[in-house]
Amino acid sequence: MSFTTTQPYFSESRQYTPTISGLDFRPEPYLAEVDILQDATLRQIDEVINQDVEMQPLNVREIFYLVVDTNVLLHYLDALQQFVIDIEHHLRMTLQIVVPGIVVSELDRQKTRNDKVAWAARVASTWLLEKVKERRFVKGQAHEETCKASRKWNVRDAGEIKKGGSEWNDDLILDCCQYFARPPPHGWEPRYVALCSGDKNLCLKVESVGIRTLSPSNGWTSRAIATALFAGAPNVDLGAFDGQVSKVQRRTLRFPGTSAGRPLARVNASVGADAMDIDEEPIGPSHPLDMLHLELIDHFSQLLLQVVDRVGGPEVPWHEVPTGRISQHAPGWTRVKFSEWRPRESIEYLGRKGGEGLSRGNLDRLVHFLEYPDKRGGRKGQDWTRSDWESGVSTLGAIGRSWEDDGLAESVEVLKRYAGATFLQRMRPTGM
């Protein structure tokens, strides 16, 4: 696979220069507000975003902002997730993924659409909540992070007319880009902004004010994102960014004899100012059930942790494992600090704590069902029978009802429909 770019998006010559005047508007009376978020997870995201907590220290040398559109979160989340992992380990510069406020609102509306889109919206929302809580590489647009006269992105200016269709949302995303691209205070290092979107009309609108854009394509990867942004930039090892197109390939292509080795790939990265060529092992197609299985493991791992975080007592090793000798008969979750809990620890804890309709046998089967396929006892999604799938999903629903967790219960209902539709597809094992 080959990617070519003549100049990195984040370069000195591409520093944003505002094309509108008077960014320091005076506040005026507002007229109306954006729709209130209905989904509990997205309301939590909005609360975290708008807490008065500084995300990034002020002494950073320079900041790069990558603003993402809704279509990226719905259709290319895996590549974005891996990119966030890679920038943590391989990027020496400070980069933050920015999610505009209107994109959070759009995710809320997508959860009521067809099963595939509704599931994608829930997976994206759960991941976003986890990341914005970390306050490291992903942030949301706070209400006051706007160029609007109202001083709030979700409040219309006096005299502002809400446009029809998607144009209103596009204008709000443009406003977000312009806010983060505004000239920095005196003495601060420059900031660079790019928008990532599959919407051509939005990209044209953003580019018209001097802000760069990039669009995803089939086979999009973390390395493709890094190449589009940093090809030719000094001190960026593009070959270190992952080149697999899905988490299925990332987890199944391992060196023999290991369960967590590096992806099996040959990378020949020739990085210059103008281009980068990358050759990798040919990859076979992924089975739809394999991908869905990995998505549900990631998704429900976080939802189960959220349930424990809400109902857990002092017996949970929240910060560290208690010192001293632990009985050999003590449950396994007592030996692992909460930040390192996997589904096994969460399920065992919730089962021990009690709950109506939760049988030990079903919980044990769920533990195995939520194990990654490259771990001992785990299987690929296509290797579980339909009965196994139905049992695992049903037990997740029972946990949601038992602990009155609406987010978990709603995700289970969406998953039931989506998994059922996936089983109706004509499929055959891939051998991966």
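Spatially, the range 64-78 and the range 405-428 are offset by 23 Å when compared through their Cα centroids. Close amide H partners of Thr213, meaning residues 5 or more places away or on another chain with modelled amide H under 5 Å apart, are Leu195. The H on the amide N of Thr146, modeled in the peptide plane, is under 5 Å from the matching H of no residue at least 5 residues off or on a different chain. Can you give me the % of accessible surface on the range 80-179 that is carbon or sulfur? Probe 1.4 Å, all protein chains present, nothing else counted. That share works out to 46 percent. Non-local lysine pairs in the range 91-231, meaning eight or more places apart or on different chains, with alpha-carbon distances under 16 Å, amount to 5. May I ask you to evaluate 6.51 cos²θ - 1.76 cosθ + 1.60, the Karplus curve with θ = phi - 60°, for each residue of the range 95-111 and list the ³J(HN,Hα) values in order in whole Hz, giving x for glycine and proline? Values, residue by residue: 10, 10, 7, 10, 9, x, x, 5, 5, 4, 5, 5, 4, 4, 6, 5, 5 Hz.
The values are calculated or read from the model by the stated rules, or taken from the named source; none is laboratory data. Every value quoted in this text rests on a predicted model; they were computed, and no experiment measured them. We work out accessible area using only protein heavy atoms, side chains counted, and drop any ligands, DNA or RNA first. Shrake-Rupley method; radii C 1.70, N 1.55, O 1.52, S 1.80 Å.
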